[in-house]
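The values are calculated or read from the model by the stated rules, or taken from the named source; none is laboratory data. Here the structure is a predicted model, which is why all the values come from computation and not from measurement. Here Cβ is always computed from backbone atoms with ideal geometry, including for glycine, and neighbour counts include all displayed protein chains. Keep in mind that these areas ignore ligands, DNA and RNA; they rest on the heavy atoms of the full protein, side chains included. Shrake-Rupley method; radii C 1.70, N 1.55, O 1.52, S 1.80 Å.
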Amino acid sequence: MAPTIGEALEHARRALAPSDQAHSDAAELVSRLLGLERGDLGPQHRRAVAPADWARLDAWLERRRSGEPVQYISGRAAFRSLDLAVGPAVLIPRPETEGLVEAVLGVLRAERGRWPAPRVLDLGTGSGAIALAIASEWPAAIVTATDASDEALGLARANAVALGLGERLRLANGHWFEAVGADELFEVVVSNPPYIATGEAGELPRDVRAFEPHAALFAGESGLEALREIVDAAPEHLLDDLAGHPRVLLARRERGPAIAPRQWPEERSPS
């Protein structure tokens, strides 16, 4: 008799043990392998698994045991309501970044009376996760997404087309604001830039450090270089309000001291 989905799950869990993520990774790999929702694995646990699929599962498990993230193995990642293609050229979209999208949507809701068709710029789009989530959840938004990687832009374009958002997303190649016109203005600029100091590489989990693109992870000696560049240039591209004042800056600090734009390390006065 052919092995079943239930047996495939147990096989995967044993193969990935004693990892704390063994159960979750097993469910993700088996569901992606068979084109099922994770919630369908239980009800269909007696369904047979073809020999070719079982062999493919074994190959995937070997890759996972080597440390490769499950999203790169399956080539797919969930982000909010979207299912995205991902690969080693882009960061894996993370649940924490969904909060960034929610913050942008909150601003758009608050300003909908003044911004009927808000122009949104996503810098360093990678797979397109942030830009496509905003385009999907705020149909009036005019979304531009940039990246310095041709491969990343190709993946973002493929995701946009697959989601039926190809006509809603403008893609541009370039380094941060260099990808758009010098006089282009946007109601919202959003980015999830690299923010890890190069000296902190050893503190990252191995599956992040060894497999995710370093250009999207590391931002120089302090980890603030990319953020500073974006914050310093943003006022030239953000639409001011009627009084001529910049409208909104949203930021989240997970840990460590707050650093305002005038307090970058080399600009601080000696104490």
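Within segment 87-96, does at least one residue satisfy the condition of being in a helix (DSSP H, G or I), open to solvent by 10 Å² or more (accessible area, probe 1.4 Å) and within 30 Å of Leu16 (Cα to Cα)? Steps first, please.
Step one: of segment 87-96, the residues in a helix (DSSP H, G or I) are 95-96.
Remaining after also requiring open to solvent by 10 Å² or more (accessible area, probe 1.4 Å): 95-96.
The next check asks that each one be within 30 Å of Leu16 (Cα to Cα); those that pass are 95-96.
Looking for residues that are in a helix (DSSP H, G or I), open to solvent by 10 Å² or more (accessible area, probe 1.4 Å) and within 30 Å of Leu16 (Cα to Cα), one finds at least one in segment 87-96, hence yes.
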Quiz item: How about segment 107-135: which of its residues are assigned to a helix (DSSP H, G or I), modelled with pLDDT of 95 or more and open to solvent by 30 Å² or more (accessible area, probe 1.4 Å)?
Solution: Arg109
Quiz item: Which residues, counting only those in segment 136-181, are among the aromatic types (Phe, Trp, Tyr) and either under 19 Å from Leu91 (Cβ atoms) or open to solvent by 50 Å² or more (accessible area, probe 1.4 Å) (or both)?
Solution: Trp176
Quiz item: Which condition number does Ala8 fail, the rest of (1) over 17 Å from Trp54 (Cα atoms); (2) assigned to a helix (DSSP H, G or I) being met?
Solution: (1)
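Could you tell me whether Arg76 is open to solvent by 40 Å² or more (accessible area, probe 1.4 Å), under 22 Å from the mean Cα position of the chain (by Cα), modelled with pLDDT of 95 or more and over 22 Å from Ala141 (Cα atoms)?
yes
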Quiz item: How about segment 22-36: which of its residues are open to solvent by 30 Å² or more (accessible area, probe 1.4 Å), without any contact (Cβ under 8 Å) to a residue 24 or more places away in the chain and assigned to a helix (DSSP H, G or I)?
Solution: His23, Ser24
Practice problem: Output the residue which, of all residues in segment 46-72 that are part of a loop (DSSP other than H, G, I, E, B) and among the charged types (D, E, K, R), is most open to solvent (accessible area, probe 1.4 Å). | Solution: Arg46
Exercise. Could you please let me know if Gly154 is part of a loop (DSSP other than H, G, I, E, B), at pLDDT 95 or above and of a type outside the set (D, E, K, R)?
Key: no
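Filter segment 201-233 down to the residues that are among the charged types (D, E, K, R), open to solvent by less than 70 Å² (accessible area, probe 1.4 Å) and farther than 25 Å from Ala103 by Cβ and list them by number. Before you say what the answer is, go through the steps one by one.
Start the filter on segment 201-233 by keeping residues that are among the charged types (D, E, K, R), which leaves 203, 206-207, 209, 212, 221, 225, 228-229, 232.
Okay, now just the ones that are also open to solvent by less than 70 Å² (accessible area, probe 1.4 Å), so 207, 212, 228.
Selection gives Asp207 alone.
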Exercise. For Ile130, indicate whether it is within 19 Å of Pro194 (Cβ to Cβ) and in contact with a strand residue (DSSP E or B) (Cβ under 6 Å, 6 or more places away or on another chain).
Key: yes
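Scan segment 50-59 and give yes if some residue there is over 21 Å from Phe211 (Cα atoms) and touching a Gly at 6+ places or on another chain (Cβ under 7 Å), otherwise no.
The answer is no, given that none of the residues of segment 50-59 is over 21 Å from Phe211 (Cα atoms) and touching a Gly at 6+ places or on another chain (Cβ under 7 Å).
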Quiz item: Which of (1) surrounded by fewer than 17 Cβ atoms within 10 Å (Cβ to Cβ); (2) assigned to a loop (DSSP other than H, G, I, E, B); (3) not small (Gly, Ala, Ser) is the odd one out, the single condition Pro194 does not satisfy?
Solution: (1)
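Run down Gly6, Gly39 and say which single residue is crowded, with 16+ Cβ neighbours inside 10 Å, more than 29 Å from Leu204 (Cα to Cα) and out of contact with any strand residue (DSSP E or B) (no Cβ under 8 Å at 6 or more places or on another chain). Walk me through how you get there before you give the answer.
Values: Gly39 fails: crowded, with 16+ Cβ neighbours inside 10 Å.
After applying the criteria, what remains is Gly6.
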